[in-house]
Amino acid sequence: PWIAQFVEDYVNNKMGGIYLSEYGKKIPIKIIVRDTKSDPDFAATVAEELITKEKVDLMVVLHTPGTVVPVTAMCERYGVPCIALDCPILAWLSGAPYKWSYLAFWTEPDVAEIFVGMWDKVRDKTNGIVAGIWSDDPDGRTFRECVYKVAREHGYEIIDLGLVPYGTTDFSSYILQCIRNNVTILTGNLIPPDFVTLWRQCHQMGFIPKVATIGRSILFPSAVEALGGDLPWGLTTENWWSIYHPFKSTIFDITARELCEMWEERSGKQWTAPLGYSLAAFEIAIDALQRAGSLDKEKIRQAIADTDLDTIVGHICFKKPLTEDQINRYSQWPELIEYADHYSVTPVVGGQWVKGTKWPWELQIVYNWIYDEIPETAEMILIPGSS
C-alpha cells in the first residue's frame with residue numbers, strides 16, 4: 001500500500017497524470033489496492049470483482065504463485081492486460097498459455113545455479129554431501145527437481161529427505177538421516193514456520209551443517225528473527241533485490257538504495273526485496289500506458305509486450321530472446337522455451353544472513369553469479385558452530 005500511494009501521488013501530482021494521445025490530454029490514475037489474504041480462491045474472487053465491478057483498465061499482481069497464478073487466470077478469462085512480478089516463472093507457467101499476462105522475475109533453474117554456486121565457493125571445506133527437504137507444494141516440488149539436477153551436474157552427492165506436509169512438528173527422523181549420512185550441506189524450500197521448527201531441532205539434536213541454503217523460508221528479516229538467538233547466523237538463500245543493487249527507476253528517478261532508505265526512514269522497518277518489485281510493477285504499468293496512448297485493452301496489452309525499460313529491479317524486456325546459455329539451462333523445462341515472449345528474467349544472486357550494524361540481521365551478497373554489475377558485499381562463511 002505504501003508503494004501504491006507513492007506511485008499515485010507521484011504520477012498525479014508530479015507528472016500531472018499520464019498523457020494518453022488518443023484523448024490528447026493527461027489522465028490521472030487511481031490504484032485500487034486489494035488484499036488477497038494469500039488465498040488462491042479469494043485472490044481469484046478479488047480479481048474477478050476488480051474486472052467486472054471496478055472495470056479496471058490494467059491489472060497489477062505481485063507476490064507468490066498462490067496469488068499471481070489465479071489472478072492472471074482471471075485476466076486471461078476476461079481479456080484484461082496484466083503485469084505480474086515476484087512469482088517464480090516455472091510456477092507461473094503452470095497456468096500457460098497466456099495472451100494478456102506478462103511476468104518479470106527469476107526462474108527456478110537460475111536459483112538452483114545460485115544455490116550450487118554458493119556451495120562451490122566453500123567446496124573444499126565440505127564433503128559434498130547434500131541433504132534436501134522440501135514442502136509438499138508446487139514451490140517445493142519444482143525447487144527439488146531443479147536443485148538436484150544442478151547439484152548432481154556439479155558432482156554433489158544427494159540425500160533426498162523428500163517432501164513434507166505443512167505443519168510438520170517432528171523432523172527428528174530427517175535429521176537422523178543427515179547425521180547418519182555425514183551431511184555437511186542442508187538445502188530445501190519450506191514455508192517459514194516449518195523451517196523454524198526444523199532448524200531449532202537440528203541444533204537441539206547437534207546437527208549443525210557447514211552450509212544451509214534454504215529457499216522461501218528465510219527471505220525476510222522477520223523470518224530469520226523468528227528463529228531466535230544466533231540461529232540465523234550464516235544461513236544462505238536466494239537474493240533477488242537489495243539496497244546494494246545498482247539499479248535505478250527510469251520512471252520515478254530513484255535508486256534502489258534511495259528507495260530502501262526512504263522506506264526505512266518512514267516506516268521504521270528494514271527493507272525487503274518485494275519493495276523494489278512493487279515499484280517496478282508500476283514502472284512497467286505507467287510506461288506501457290504512456291506508449292499505448294489509450295485505454296483500449298488490446299493496445300495496452302501490446303504496449304506491455306513491447307516493454308523495453310530500465311527499472312529499479314533491472315532491465316525488463318519481454319521480447320528479448322533467450323541466450324544460448326539460458327536455452328541450455330532451461331532445456332529440461334520446454335515451457336520456459338515455448339513461452340519466453342511472456343516473461344522477462346530478472347537478476348537473482350546469493351545472499352547470506354550475518355549480524356548487522358544497523359539491523360539485527362542483514363542479508364549480504366556473497367555470490368553474484370553472472371551479474372557482475374551487482375556487487376558481492378561479503379565473503380561467504382561457514383555456519384558458526386558447524387563441525
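The values are calculated or read from the model by the stated rules, or taken from the named source; none is laboratory data. Quick caveat: nothing in here was measured; it's all calculated off a predicted structure. No Cβ is skipped: glycine too gets one built from the backbone with ideal geometry, and neighbour counts run over all protein chains shown. Heavy atoms of the whole protein, side chains included, go into the accessibility calculation; ligands, DNA and RNA do not. Shrake-Rupley method; radii C 1.70, N 1.55, O 1.52, S 1.80 Å.
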Could you give the length gained on full extension between GLU379 and THR250, defined as 0.36 nm per residue of separation minus the Cα-Cα distance, in nm? 43.3 nm
Can you give the longest run of the chain that contains no trypsin sites (Lys or Arg not before Pro) sitting in a DSSP loop with at most 16 other Cβ atoms inside 10 Å? 100-268
For the chain, can you list the cysteines whose C-beta has no other cysteine C-beta under 4.7 Å from it? CYS87, CYS146, CYS178, CYS202, CYS260, CYS317
For the chain, averaging the sequence separation of alpha carbon pairs under 8 Å that lie six or more residues apart and dividing by its residue count, the contact order in percent is 17
Using a ≥ b ≥ c from the Cα gyration tensor of region 273-373 (square roots of the eigenvalues), is it rounded, prolate or oblate, where a/c under 1.5 gives rounded and otherwise the larger of a/b and b/c decides, a/b for prolate? oblate
Along the chain, longest interval not containing exposed chymotrypsin sites (Phe, Trp or Tyr not before Pro), exposed being DSSP loop plus at most 12 other Cβ atoms within 10 Å: 167-387
Listed residues SER331, SER344, SER242; largest mean-square fluctuation, Gaussian network over the chain with Cα springs below 10 Å, found at SER331
For LYS319, list the aspartates and glutamates whose Cα falls under 18 Å from its own Cα; do not include residues on the same chain fewer than 8 positions away. GLU283, ASP287, GLU298, ASP306, ASP308, ASP310, GLU335, GLU338, ASP341
Residues whose built amide H sits under 5 Å from the amide H of PHE247, excluding neighbours closer than 5 in sequence, are ALA256
Just the number please: accessible area per residue for the chain, 1.4 Å probe, all protein chains included, in Å². 41
In the full protein assembly as shown, how much of VAL61 is accessible to a 1.4 Å probe, in Å² to the nearest 10? 10
Give me the percent of accessible area attributable to carbon and sulfur for the chain, probe 1.4 angstrom. 50
For LYS320, list the lysines whose Cα falls under 18 Å from its own Cα; do not include residues on the same chain fewer than 8 positions away. LYS99
Check the straight Cα-Cα distances from LYS269 and name the lysines below 16 Å, setting aside those fewer than 8 residues away within the same chain. LYS358
